[in-house]
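Below is one structure, written out as structure tokens; comments come after it.
The values are calculated or read from the model by the stated rules, or taken from the named source; none is laboratory data. Note that the coordinates shown come from a computational prediction; the quantities given were computed from them, not determined experimentally. In this analysis, Cβ positions are derived from the backbone assuming ideal geometry, glycine residues included, and neighbour counts consider all displayed protein chains. Accessible surface is based on the protein model in full, side chains and every heavy atom, while ligands, DNA and RNA are left aside. Shrake-Rupley method; radii C 1.70, N 1.55, O 1.52, S 1.80 Å.
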Amino acid sequence: MTALILDIITTAAILFAVSAGLLIILGVLKIVNFAHGGFLTIGGYSGLVVTELGLNPWFAYPAAAIAGVVLGAVVERFIIRPLYDRPLDAILATWGLGIIIGQLITIIFGREIQFVQTPITGATSLLGQTYSFYRLFLILAAALVAGGIAALLNATRLGLEARAVIMNEPLARGLGINSGYVRFVTFCIGAGLASLAGALITPLSSVDPNMGVPWLVNAFMLVLVSSVSLVGLATAAITLGGAQVLVSTYISPVIGGLTIVVLAALLLRIRPAGFGHG
């Protein structure tokens, strides 16, 4: 039972970290970034490059975040910004970008599955149960991501401006807020968080050019039911992620892989506001 509870908590932490970047981009830009899976993959391959260079595996995380921010800046400036007045085209552009990223990674690194070095190895005894140190570390990592986003939104001028843009962008512009700058920084941060999440999840599995696709689907559904709220996202991650773990454990891992999508769709059908208010 202890192992099951820990699996639920760590799975929720992973899902939250993977979805956070998608959440803040949707909240401010009102655009679903379907290149999110591509940014996750870039983060995973950043960890692979660090491993192949023989560097300390802890360098994978800042390397992934920087790669995501830099690519995010280029994407926002040259792909997303010209399409702000055409949101459907912007969504399609991010979808195509995700495919392009996957193909470029295939050309550079090949199609084979590869593995990265884990910065934390071994296991510890917790409540009489031996459990992976790294999975426990991911709980801390997700908490730091959540705390960082909350601090950014509530304790900085950028966060104040971002919240103003979220609530009423025309009024925010009328008050002198540079919404274009807010959008640019937000997209960069969201892309950086996505790449960081990609680096965080790769030690648990492997790296391949399509590794971000299944994560994108689950992240998209979690963000939809969260009502674009950090608290809602955390609630969705623990509830639907917990259901995924239970189904995978007691019924079938294959069916477990569909749990988040199916339950999220049912929830939105019954309660369109998801885990948000209203």
Collect the residues in the range 115-128 that are surrounded by fewer than 17 Cβ atoms within 10 Å (Cβ to Cβ) and under 22 Å from Thr202 (Cβ atoms), keeping them in residue-number order.
Phe115, Ile120, Thr121, Gly122, Ala123, Thr124
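Out of all the residues in the range 63-116, which are acidic (Asp, Glu) and over 17 Å from Gly21 (Cα atoms)? Outline the logic, then answer.
From the range 63-116, those acidic (Asp, Glu) are 76, 85, 89, 112; that's our starting set.
Selection gives Asp85, Asp89, Glu112.
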Quick check on Ile24: is it under 19 Å from the mean Cα position of the chain (by Cα), in a helix (DSSP H, G or I) and touching a residue at least 12 places away in the same chain (Cβ under 8 Å)?
yes
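Among the listed residues Val70, Val50, Val18, Val74, which satisfies the condition of being among the aliphatic types (A, V, I, L, M) and within 24 Å of Glu169 (Cβ to Cβ)? Let's see the steps before the verdict.
Values: Val70 fails: within 24 Å of Glu169 (Cβ to Cβ); Val50 fails: within 24 Å of Glu169 (Cβ to Cβ); Val18 fails: within 24 Å of Glu169 (Cβ to Cβ).
So the residue among Val70, Val50, Val18, Val74 that is among the aliphatic types (A, V, I, L, M) and within 24 Å of Glu169 (Cβ to Cβ) is Val74.
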I need the full set of residues from the range 91-128 which are touching a residue at least 60 places away in the same chain (Cβ under 8 Å) and either at positive phi or in contact with a Lys or Arg (Cβ under 9 Å, 6 or more places away or on another chain) (or both), in order please.
Leu127, Gly128
Scan the range 129-138 and give yes if some residue there is surrounded by 13 or more Cβ atoms within 10 Å (Cβ to Cβ), within 19 Å of the chain's Cα centre (by Cα) and basic (Lys, Arg), otherwise no.
yes
Does Thr94 satisfy being closer than 27 Å to Val32 by Cβ, at pLDDT 90 or above, assigned to a helix (DSSP H, G or I) and touching a Pro at 6+ places or on another chain (Cβ under 7 Å)?
no
Give the range 32-84 a look and list any residue that's buried (at least 20 other Cβ atoms within 10 Å of the Cβ) and not in a helix (DSSP H, G or I), or say none.
Asn33, Phe34, Ala35
Might you let me know whether the range 236-252 holds any residue that is open to solvent by 40 Å² or more (accessible area, probe 1.4 Å), modelled with pLDDT of 95 or more, in a helix (DSSP H, G or I) and closer than 30 Å to Leu153 by Cα?
yes
Check whether at least one residue in the range 230-251 is in contact with a strand residue (DSSP E or B) (Cβ under 6 Å, 6 or more places away or on another chain) and of a type in the set (Val, Ile, Thr), and report yes or no.
no
Can you tell which of Ile201, Ile166 is part of a helix (DSSP H, G or I) and over 13 Å from the mean Cα position of the chain (by Cα)?
Ile166
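Table: residues versus (1) under 25 Å from Arg111 (Cα atoms); (2) free of Cβ contacts under 8 Å to residues at least 24 places away in the same chain; (3) open to solvent by less than 50 Å² (accessible area, probe 1.4 Å).
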position	(1), (2), (3)
Glu161	no, yes, yes
Ala172	no, yes, yes
Gly176	no, yes, no
Ile201	yes, no, yes
Pro209	yes, no, yes
Leu222	no, no, yes
Arg269	no, yes, no
Can you name the residue in the range 139-152 that is open to solvent by 40 Å² or more (accessible area, probe 1.4 Å) and touching a residue at least 12 places away in the same chain (Cβ under 8 Å) and is also farthest from Ala237 (Cα to Cα) among such residues?
Leu152
From Ala73, Ala123, grab the single residue that is farther than 19 Å from Met211 by Cβ and either basic (Lys, Arg) or modelled with pLDDT under 90 (or both).
Ala123
